[in-house]
1. Nearest 100 Å² is fine: what is the total accessible surface buried where chains B and A meet, probe 1.4 Å?
2. Which net charge results when you count Lys and Arg as +1 and Asp and Glu as -1 among the other residues whose beta-carbon is under 11 Å from that of A:Thr249?
3. Could you tell me which trypsin sites (Lys or Arg not before Pro) in the stretch A:117-148 are loop residues by DSSP with no more than 12 other beta carbons within 10 angstrom of their beta carbon?
4. Report, in debye and to the nearest 20, how large the dipole of the protein assembly as shown comes out about its Cα centre when Lys and Arg carry +1 and Asp and Glu carry -1 on their Cβ.
5. Rounded to the nearest whole Å³, what is the per residue volume of the convex hull around the Cα atoms of the stretch A:6-59?
6. How high is the FRET efficiency between B:Ala76 and A:Asp159 when r is their beta carbon distance and R₀ equals 25 Å, given to the nearest 0.05?
7. Using only helices, what value at 222 nm comes out for chain A when you add -39,500 (n - 2.57) per DSSP H run of length 4 or more and divide by the total residues, to the nearest 500 deg cm²/dmol?
8. So how much accessible surface do A and C hide from each other in total, probe 1.4 Å, in square angstrom to the nearest 100?
Amino acid sequence: MRHQWYPVGIAAKLPDSPAESLLLGERVHIGRAKGGGPQVTDAKGRALPVLTRFGHVWTTLGTPERDLFTIPEADQPGRRLVDVGTVRVRCSPLRAVENFLDIAHFPFVHTDILGAEPHTEVERYEVEIREDSDEVWATKVRFFQPQAAKSAGGGITTDYMYRVPAPTCSILYKTSPPRPGEWDVITLFVQPMTEELCQVWPWMALFDDASTMTDMIHFQQMIFVQDRSILENQIPAKLPLDPGLEIPTRADMTSIAYRRWLKRHGYTYGAQLVAA
Amino acid sequence: MSDFAAERFAISGDLGSPVFVPWVERHARRLGLAASISERSPTRMQVRIEGPAELVDAMEVGCLLGPIEVWVDDIAREPLNDRAANRTADA
Amino acid sequence: MTTTWTAAALSQDVPAGTAAPGRLGDRDLAIWRSASGKIAAWADRCPHRGMRLSHGFVRGEALSCIYHGWRYGQTGQCIKIPAHPGLEPPDAIRVPAFAVAEASGVIWVADGAPATAPPAFEGFTGFRSLQVDAPASVVAEALGGKGDAIRAALGPTPAVALIQPLGPDRSGLHLLAPLSAAPEALDALSVAAEDLRRRAEAGQKGRAA
């Protein structure tokens, strides 16, 4: 996982003097280079590779084989791009991604917003590891939502697709309430600080001409703060790659596909290898 | 009410580790399912699973990940049309 | 395996319809009380995906996990999986449950089945629980006694102190006060208890230094 790109800051909000952070347990500093662009240095003061994409600054401690993934839909005209900010969570970076891939918790954790009883059933959906792109995809996911987005006027059945293009990044595509034929794009980019501590950087590319930027940011931050109370209270802290002490069901297929993909690639930073 | 199902799982992958058989049997017990292993090699295993259909699904989901010593490529499921398959869960 | 009772919480701190975290030895517990008042103490972990059940919610006679709403009845048996509403969960899916009993306003827990009922302290009832950053032996010493149940006068008020080890340098202190104690006497007991905590923690720091 050293050879992956990770988010470490919002490109438009880089600090004037370098800010200290952690990446995979190593100290890094994020700031500006002389020309004003982003600069990230490691503990020895060496400049690390950087790139700016999706409103965020990305860096790596290794030498990535591939370019950072792209999100073609986000380039469509008419979308508003939202830097949501950041939330620090005392959990495994992999658990943060797994939770983002889950719909069955909506009625209980995001009650009356992303879900509500009695609409708790998770219908069958499709999950695959795409060989060509080497990504996890879940498609044909449907769920009833009282208020799917800031722009939603009332309850709708929302269609979802989930995509995992990198071990600590996930993208969800969901029905855009004002434009039912299009997908809103909501991402969760996770900066793995340690195996049990992470910083999440959600980012959105939405069709929403009505809500203010502040409203859209607050909506997503509220959702994530609700998730944090779950993520900091799961046992064990690391994500189990052996489900021998858990009871996954068909509703957990995306979680299981994600864990299978981590296992196959040896992406185990933040993972628990034996059932615990 | 969940339908009762009897199925044969043909599990393929890198299954050579001796931990896999007890793992599968234990996971079936945790789901309250009847499981009997009928054929086994380092790359293939056949298991007959009986119980409520949604728990048979859950068995597949658990086995797809399995223990760390094992890599499951695929699970091909086949319904068994014997007498057991016609029972219902509450029978 | 302990088959003796451990004081884990006070009855008043787990009212009907709520769940709270607790400990038994090195294990985390979810202690909860049903709407009708029945108390239960379980492993603090949902078998589905490991969420702490002490964060769950009580409806009627069942406790549900806050993550995916898996619902468990009094004995720990899973009775509902909301993502699969048509499924009747099998007997095999259950949360490990511990023995639990209440006496003198104290919730007692045990692993296994103790041969006797938990101790009752005639004329006393649960008053206040504190956590102390000191081992049980240091707390006992600060109380001027030994063991895990000490009768002591704290300030002007007689009290029963139940000490629960919570690790090498942490203890739970469950205080019982006389049923007849006046409000001023209880206030004084509270002040004395906090003073006791400070002394025990200071003594512990002195030892460590």
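The values are calculated or read from the model by the stated rules, or taken from the named source; none is laboratory data. None of these values were measured; they are calculated from a predicted model. Quick reminder, even Gly has a Cβ in these numbers, built from the backbone with ideal geometry, and neighbours come from all protein chains shown. Surface accessibility is based on the protein's heavy atoms, side chains included, excluding ligands, DNA and RNA. Shrake-Rupley method; radii C 1.70, N 1.55, O 1.52, S 1.80 Å.
1. Using a 1.4 Å probe, the pair buries roughly 1800 Å².
2. Local charge sum for A:Thr249: -3.
3. Sites meeting the loop and neighbour criteria: A:Arg124.
4. With only Lys, Arg, Asp and Glu charged at Cβ, the dipole is about 1000 debye.
5. Dividing the Cα hull volume of the stretch A:6-59 by its residue count gives 69 Å³.
6. 0.30
7. Per the formula, -5000 deg cm²/dmol.
8. Result for this pair: about 2200 Å² buried.
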